[in-house]
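Worksheet: the structure to be examined is printed underneath.
The values are calculated or read from the model by the stated rules, or taken from the named source; none is laboratory data. Model, not experiment: these values are computed from the prediction. Ideal geometry is used to build each Cβ from the backbone, glycine not excepted, and the neighbour counts take in all protein chains shown. Only protein heavy atoms, including side chains, enter the accessible area calculation; ligands, DNA and RNA are left aside. Shrake-Rupley method; radii C 1.70, N 1.55, O 1.52, S 1.80 Å.
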Amino acid sequence: MIGLTADKLVSGQTVLGITGIGEGYKAYKFEKVPTSIPSNVTLKYGSSVALAARGESNSYTIDLGFTPSEVVACELEMRGNYSPSTSSDTGENFSLPRGYVEMSHTAQSYHAFYLSASLNTNRYYSSRTDKNCSSYKMKCAVNGSKLSFVVENGYDGTSGGVAIKTIADKLYLSGTLVYK
């Protein structure tokens with residue numbers, strides 16, 4: 001689905017269940033690297049903050065320390081530093097919109113310990129009506145030596161809008177980048 005084939009991976013390297021037979025490609029694995037936070041986002045520990053406001057796209061970035069000439073695969077995981085303060089708090093760092101309940105006029109959310117992204121951009125819809133279309137997407141992007149976890153809050157309509165939110169005040173990336 002993402003175009004990753006065995007000939008694009010270093011011989012013996014396994015990514016996403018595919019074992020490499022090619023040459024010239026490298027796999028860079030990293031864990032819990034602190035991200036830069038966009039200047040228009042102010043995270044506050046324990047308070048729900050949108051990673052991207054309505055109609056906005058924000059990049060949470062790390063410096064690779066090198067510049068890949070070609071990227072063939074990227075799998076990222078974003079985690080936060082929030083931890084439970086009570087036994088009834090399960091400690092999920094993120095909430096993702098899953099729609100709007102007309103009868104009660106309330107937004108519904110999924111809660112997650114981490115977010116994931118890849119080069120393959122997927123759009124998720126939380127509401128789609130005749131008047132409104134709310135969606136979000138997460139993807140991996142590489143620009144020079146910068147690797148970003150991009151969160152986009154898509155919106156087209158007169159009200160609403162979706163937001164992926166966090167209650168953490170520090171965010172970290174872990175993952176694998178396959179490059180040349």
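Some points to look at:
- Neighbours by Cβ (under 8 Å, 6+ apart or cross-chain): first from the stretch 48-75, of a type in the set (Asp, Glu); second open to solvent by 50 Å² or more (accessible area, probe 1.4 Å) and assigned to a strand (DSSP E or B): ASP63/LYS146; GLU75/SER116
- Residues of the stretch 64-96 that are of a type in the set (Val, Ile, Thr) and closer than 15 Å to LYS139 by Cα: VAL71, VAL72.
- The set of residues in the stretch 67-83 being of a type in the set (Gly, Ala, Ser) and under 23 Å from TYR114 (Cβ atoms) consists of ALA73, GLY80, SER83.
- Residues of the stretch 143-175 that are modelled with pLDDT of 90 or more, of a type in the set (Ser, Thr, Tyr) and farther than 18 Å from THR121 by Cβ: SER145, THR166, TYR172, SER174.
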